[in-house]
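The values are calculated or read from the model by the stated rules, or taken from the named source; none is laboratory data. Values in this document were obtained by computation on a predicted structure and should not be read as measured data. Virtual Cβ from ideal backbone geometry, glycine too; neighbours counted across all protein chains shown.
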Amino acid sequence: MFKANEGTIDRALRVIVGLALLGAYFFMENASAWLLIGVVPLATGLLGWCPLYRVLGISTCPMKN
């Protein structure tokens, strides 16, 4: 469906950051709703495709020979 534009390290970092933000939201008392933004890096990391990368013409995927 979408052509992957994220490399392995990029994807792993996005998943870690997304989980950390969501974990902070659910486990911290009086957490800000802004921490729910963690859904974005988590989703893009799991899918391997970032719409902003697409618009800007960026790709962190290794080139295929």
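Scoring D10 on the criteria (1) at pLDDT 95 or above; (2) not in a helix (DSSP H, G or I) leaves a single failure, condition (2). Working only within the range 14-44, note down all residues that are surrounded by 13 or more Cβ atoms within 10 Å (Cβ to Cβ) and part of a loop (DSSP other than H, G, I, E, B). Matches in the range 14-44: A31 only. As a summary of the residue check, L22 satisfies the conditions (1) closer than 19 Å to I58 by Cα; (2) touching a residue at least 12 places away in the same chain (Cβ under 8 Å) except for the one numbered (1).
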